[in-house]
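In what follows, a single structure is set out as C-alpha coordinates and then discussed.
The values are calculated or read from the model by the stated rules, or taken from the named source; none is laboratory data. Everything quoted here is computed from the prediction, not taken from an experiment. Cβ: placed from backbone, ideal geometry, glycine included. Neighbour counts: every protein chain shown. Surface areas here come from the heavy atoms of the whole protein model, side chains and all, with no ligands, DNA or RNA. Shrake-Rupley method; radii C 1.70, N 1.55, O 1.52, S 1.80 Å.
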Amino acid sequence: GDSVTQMEGPVTLSEEAFLTINCTYTATGYPSLFWYVQYPGEGLQLLLKATKADDKGSNKGFEATYRKETTSFHLEKGSVQVSDSAVYFCALITGGGNKLTFGTGTQLKVEL
Amino acid sequence: DGGITQSPKYLFRKEGQNVTLSCEQNLNHDAMYWYRQDPGQGLRLIYYSQIVNDFQKGDIAEGYSVSREKKESFPLTVTSAQKNPTAFYLCASSRTEPNYGYTFGSGTRLTVV
(Lines give C-alpha, C1' and ligand atoms only; values in the text may rest on other atoms or scores of the structure.)
Protein backbone atom coordinates (compact mmCIF):
# COMPACT_ATOMS: atom_id res chain seq x y z
CA GLY A 1 0.00 0.00 0.00
CA ASP A 2 0.88 3.67 -0.07
CA SER A 3 3.25 5.00 2.57
CA VAL A 4 5.23 8.09 3.53
CA THR A 5 8.54 8.05 5.39
CA GLN A 6 9.88 11.14 7.15
CA MET A 7 13.11 11.73 8.97
CA GLU A 8 13.03 11.21 12.71
CA GLY A 9 12.91 14.26 14.91
CA PRO A 10 13.31 16.39 16.76
CA VAL A 11 15.38 18.54 14.46
CA THR A 12 17.00 21.37 16.43
CA LEU A 13 18.42 24.39 14.58
CA SER A 14 19.65 27.84 15.40
CA GLU A 15 17.72 30.80 14.04
CA GLU A 16 18.70 31.67 10.42
CA ALA A 17 19.99 28.15 9.75
CA PHE A 18 19.07 26.20 6.61
CA LEU A 19 16.34 23.60 7.02
CA THR A 20 15.83 20.30 5.23
CA ILE A 21 13.23 17.76 6.32
CA ASN A 22 13.39 14.61 4.24
CA CYS A 23 10.29 12.88 2.92
CA THR A 24 10.15 9.85 0.65
CA TYR A 25 7.11 7.93 -0.49
CA THR A 26 5.88 4.64 -1.90
CA ALA A 27 2.77 4.81 -4.03
CA THR A 28 1.05 3.28 -7.00
CA GLY A 29 0.56 5.64 -9.89
CA TYR A 30 1.38 9.32 -9.64
CA PRO A 31 0.50 10.80 -6.26
CA SER A 32 -0.06 14.40 -5.29
CA LEU A 33 2.22 15.44 -2.43
CA PHE A 34 1.60 17.75 0.50
CA TRP A 35 3.33 19.32 3.49
CA TYR A 36 1.25 20.24 6.52
CA VAL A 37 2.40 22.13 9.62
CA GLN A 38 1.05 21.76 13.17
CA TYR A 39 1.81 24.42 15.76
CA PRO A 40 1.58 23.40 19.44
CA GLY A 41 -1.96 22.64 20.56
CA GLU A 42 -3.48 23.33 17.14
CA GLY A 43 -4.75 21.48 14.10
CA LEU A 44 -2.82 20.98 10.88
CA GLN A 45 -2.51 23.68 8.23
CA LEU A 46 -1.64 23.10 4.60
CA LEU A 47 1.82 24.52 3.95
CA LEU A 48 2.34 23.62 0.30
CA LYS A 49 1.57 20.99 -2.29
CA ALA A 50 2.67 19.67 -5.70
CA THR A 51 0.53 17.60 -8.01
CA LYS A 52 2.95 16.39 -10.69
CA ALA A 53 6.59 15.51 -11.19
CA ASP A 54 9.08 18.42 -11.13
CA ASP A 55 6.47 20.79 -9.69
CA LYS A 56 7.74 23.01 -6.87
CA GLY A 57 5.37 23.98 -4.10
CA SER A 58 6.23 27.06 -2.06
CA ASN A 59 4.76 29.15 0.76
CA LYS A 60 6.10 31.40 3.56
CA GLY A 61 9.71 30.80 2.48
CA PHE A 62 9.31 27.01 2.50
CA GLU A 63 9.61 25.00 -0.69
CA ALA A 64 9.58 21.39 -1.84
CA THR A 65 10.13 19.82 -5.27
CA TYR A 66 8.31 16.70 -6.45
CA ARG A 67 11.09 14.31 -7.54
CA LYS A 68 9.62 11.26 -9.25
CA GLU A 69 12.98 9.63 -9.93
CA THR A 70 13.90 9.57 -6.24
CA THR A 71 10.27 9.41 -4.94
CA SER A 72 10.99 12.33 -2.67
CA PHE A 73 9.44 15.62 -1.58
CA HIS A 74 11.95 17.18 0.81
CA LEU A 75 10.96 20.36 2.63
CA GLU A 76 13.48 23.23 2.66
CA LYS A 77 13.76 26.75 4.00
CA GLY A 78 16.76 28.99 3.61
CA SER A 79 16.59 30.76 6.99
CA VAL A 80 14.41 29.45 9.81
CA GLN A 81 12.89 31.55 12.58
CA VAL A 82 11.86 30.67 16.12
CA SER A 83 8.24 30.97 14.94
CA ASP A 84 8.82 28.03 12.55
CA SER A 85 9.01 25.66 15.54
CA ALA A 86 6.26 23.12 14.89
CA VAL A 87 5.63 19.57 13.69
CA TYR A 88 5.76 19.06 9.93
CA PHE A 89 3.82 16.27 8.20
CA CYS A 90 4.43 14.98 4.70
CA ALA A 91 1.40 13.37 2.99
CA LEU A 92 0.19 12.00 -0.33
CA ILE A 93 -2.98 11.24 -2.26
CA THR A 94 -3.01 8.64 -5.05
CA GLY A 95 -5.27 7.34 -7.73
CA GLY A 96 -7.18 10.54 -8.27
CA GLY A 97 -8.75 10.05 -4.88
CA ASN A 98 -9.09 12.37 -1.93
CA LYS A 99 -7.88 10.33 1.06
CA LEU A 100 -4.53 11.45 2.49
CA THR A 101 -1.79 9.12 3.73
CA PHE A 102 0.40 10.87 6.32
CA GLY A 103 3.94 10.39 7.49
CA THR A 104 4.62 10.27 11.22
CA GLY A 105 5.65 13.92 11.44
CA THR A 106 8.98 15.64 12.18
CA GLN A 107 9.28 18.07 15.06
CA LEU A 108 11.35 21.18 14.37
CA LYS A 109 12.75 23.28 17.22
CA VAL A 110 14.41 26.58 16.37
CA GLU A 111 16.49 28.28 19.07
CA LEU A 112 17.87 31.80 19.32
CA ASP B 1 -14.83 33.22 6.49
CA GLY B 2 -15.34 29.52 5.85
CA GLY B 3 -13.78 27.04 8.17
CA ILE B 4 -14.10 23.95 10.31
CA THR B 5 -14.96 24.23 14.01
CA GLN B 6 -14.33 21.67 16.69
CA SER B 7 -15.76 21.96 20.14
CA PRO B 8 -14.98 21.89 22.95
CA LYS B 9 -11.24 22.53 22.87
CA TYR B 10 -10.72 20.62 26.13
CA LEU B 11 -12.93 17.84 27.44
CA PHE B 12 -12.73 15.76 30.58
CA ARG B 13 -14.56 12.49 30.94
CA LYS B 14 -14.95 10.02 33.74
CA GLU B 15 -14.19 6.41 33.01
CA GLY B 16 -17.24 4.52 31.80
CA GLN B 17 -18.93 7.54 30.22
CA ASN B 18 -19.64 8.16 26.57
CA VAL B 19 -18.71 11.60 25.22
CA THR B 20 -19.43 13.31 21.90
CA LEU B 21 -17.01 15.61 20.10
CA SER B 22 -18.49 18.16 17.73
CA CYS B 23 -17.20 18.99 14.23
CA GLU B 24 -18.94 21.52 11.98
CA GLN B 25 -17.80 22.94 8.63
CA ASN B 26 -19.18 25.69 6.40
CA LEU B 27 -16.87 25.04 3.45
CA ASN B 28 -19.48 23.02 1.53
CA HIS B 29 -17.10 20.06 1.58
CA ASP B 30 -18.58 16.63 0.92
CA ALA B 31 -15.98 14.55 2.77
CA MET B 32 -15.17 14.64 6.49
CA TYR B 33 -12.65 12.74 8.62
CA TRP B 34 -11.76 12.03 12.23
CA TYR B 35 -8.17 11.41 13.34
CA ARG B 36 -6.61 10.58 16.66
CA GLN B 37 -3.17 11.91 17.63
CA ASP B 38 -1.20 10.68 20.63
CA PRO B 39 1.84 12.54 22.03
CA GLY B 40 4.78 12.32 19.67
CA GLN B 41 2.78 10.19 17.26
CA GLY B 42 1.40 10.65 13.80
CA LEU B 43 -2.27 10.75 12.80
CA ARG B 44 -4.46 7.65 12.86
CA LEU B 45 -7.75 7.60 10.94
CA ILE B 46 -10.81 6.71 13.00
CA TYR B 47 -13.75 7.20 10.61
CA TYR B 48 -14.45 9.05 7.40
CA SER B 49 -17.50 10.03 5.39
CA GLN B 50 -17.63 10.91 1.69
CA ILE B 51 -21.32 11.76 1.60
CA VAL B 52 -24.27 12.39 3.90
CA ASN B 53 -25.72 9.27 5.58
CA ASP B 54 -22.67 7.17 4.72
CA PHE B 55 -19.39 6.61 6.55
CA GLN B 56 -16.55 4.07 6.67
CA LYS B 57 -14.28 2.75 9.38
CA GLY B 58 -10.69 3.84 9.37
CA ASP B 59 -7.72 2.09 10.95
CA ILE B 60 -8.78 2.39 14.61
CA ALA B 61 -12.61 2.52 14.67
CA GLU B 62 -13.12 0.21 17.67
CA GLY B 63 -14.71 2.04 20.61
CA TYR B 64 -15.84 4.98 18.46
CA SER B 65 -19.04 5.82 16.56
CA VAL B 66 -20.05 8.58 14.15
CA SER B 67 -23.08 9.92 12.31
CA ARG B 68 -23.43 12.06 9.20
CA GLU B 69 -27.00 13.33 9.10
CA LYS B 70 -26.05 16.73 7.67
CA LYS B 71 -23.37 17.73 5.22
CA GLU B 72 -21.98 20.29 7.66
CA SER B 73 -21.71 18.05 10.72
CA PHE B 74 -19.75 14.90 11.61
CA PRO B 75 -19.87 14.25 15.38
CA LEU B 76 -17.65 11.60 16.96
CA THR B 77 -18.75 9.63 20.02
CA VAL B 78 -16.05 8.08 22.17
CA THR B 79 -17.73 5.20 23.93
CA SER B 80 -16.87 3.47 27.18
CA ALA B 81 -15.60 0.57 25.05
CA GLN B 82 -12.58 2.66 23.97
CA LYS B 83 -9.91 1.45 26.35
CA ASN B 84 -7.51 4.35 26.11
CA PRO B 85 -9.43 7.43 24.97
CA THR B 86 -7.11 10.14 26.28
CA ALA B 87 -5.77 11.81 23.11
CA PHE B 88 -5.96 14.82 20.79
CA TYR B 89 -8.78 14.44 18.25
CA LEU B 90 -8.68 16.19 14.89
CA CYS B 91 -11.51 16.64 12.43
CA ALA B 92 -10.90 17.48 8.77
CA SER B 93 -12.92 18.04 5.63
CA SER B 94 -12.24 18.08 1.90
CA ARG B 95 -13.86 18.24 -1.49
CA THR B 96 -14.26 14.89 -3.23
CA GLU B 97 -12.43 16.15 -6.31
CA PRO B 98 -9.05 14.49 -6.74
CA ASN B 99 -5.94 15.75 -4.99
CA TYR B 100 -7.63 18.58 -3.16
CA GLY B 101 -6.15 18.09 0.32
CA TYR B 102 -7.76 18.62 3.71
CA THR B 103 -8.80 21.54 5.90
CA PHE B 104 -8.37 20.74 9.60
CA GLY B 105 -10.13 21.95 12.72
CA SER B 106 -8.15 23.12 15.75
CA GLY B 107 -8.71 19.87 17.65
CA THR B 108 -10.26 18.63 20.90
CA ARG B 109 -8.08 17.37 23.71
CA LEU B 110 -9.92 14.61 25.59
CA THR B 111 -8.72 13.52 29.01
CA VAL B 112 -10.18 10.65 30.98
CA VAL B 113 -10.12 11.31 34.72
Whole-percent tail of the Cα-Cα distance distribution for chain B, cut at 25 Å, equals 15
Going by a 4.7 Å Cβ-Cβ cut-off, which cysteines of the protein assembly as shown have no partner at all?
-> none
Estimated translational D of chain A in µm²/s (Stokes, Kirkwood radius over Cα pairs; 4 °C; 1.567 mPa s) | 93
Nearest-0.05 FRET efficiency for A:R67 and A:T28, computed from C-beta distance (R0 22 Å) | 0.80
For A:K77, which lysines qualify as cross-link partners when the Cα separation must be under 28 Å and same-chain residues fewer than eight apart are set aside?
-> A:K49, A:K52, A:K56, A:K60, A:K68, A:K99, A:K109
Rounded Å value of the spacing that divides the Cα centres of region B:85-113 and region A:28-50 | 13
Using alpha-carbon pairs under 8 Å, 6+ residues apart, how would you state the relative contact order of region A:1-89 in percent?
-> 32
Within the accessible area of chain B, what % is carbon and sulfur when the probe is 1.4 Å and the other protein chains stay in place?
-> 45
Give the accessible surface of the protein assembly as shown per residue, rounded to a whole number of Å², with probe radius 1.4 Å and ligands, DNA and RNA excluded.
-> 48
Between B:V113 and B:D38, how many nm apart are label points set 7 Å from Cα along the C-beta direction?
-> 2.3
Could you name every residue in region B:89-113 that has 30 Å² or more less accessible surface in the full protein assembly than in its own chain alone (probe 1.4 Å, ligands and nucleic acids excluded)?
-> B:P98, B:N99, B:G101, B:Y102, B:F104
Those residues of region B:99-113 whose amide nitrogen sits under 11 Å from the label point placed on B:L27, 7 Å along Cα→Cβ = B:100-106
Over chain A, what percent of the accessible surface lies on carbon and sulfur atoms, probe 1.4 Å?
-> 47
Among A:83-90, B:67-74, how do they line up from the highest to the lowest mean number of other beta-carbon atoms within 10 Å?
-> A:83-90, B:67-74
State the dimensionless ratio Rg/Rh of the protein assembly as shown (Rg: radius of gyration of Cα atoms; Rh: Kirkwood radius).
-> 0.97
Under the Karplus curve 6.51 cos²θ - 1.76 cosθ + 1.60, θ = phi - 60°, whole-Hz ³J(HN,Hα) for region B:25-35, x wherever Gly or Pro sits = 10, 10, 9, 6, 7, 7, 9, 9, 9, 10, 10
In short, region B:22-68 residues buried by 30 Å² or more of accessible area relative to the isolated chain (1.4 Å probe) are B:Q37, B:G42, B:L43
Quote the total accessible area buried by chains A and B together, excluding ligands, DNA and RNA, probe 1.4 Å, nearest 100 Å².
-> 1600
Using Cα pairs under 8 angstrom and six or more residues apart, how large is the relative contact order of chain B, in percent?
-> 35
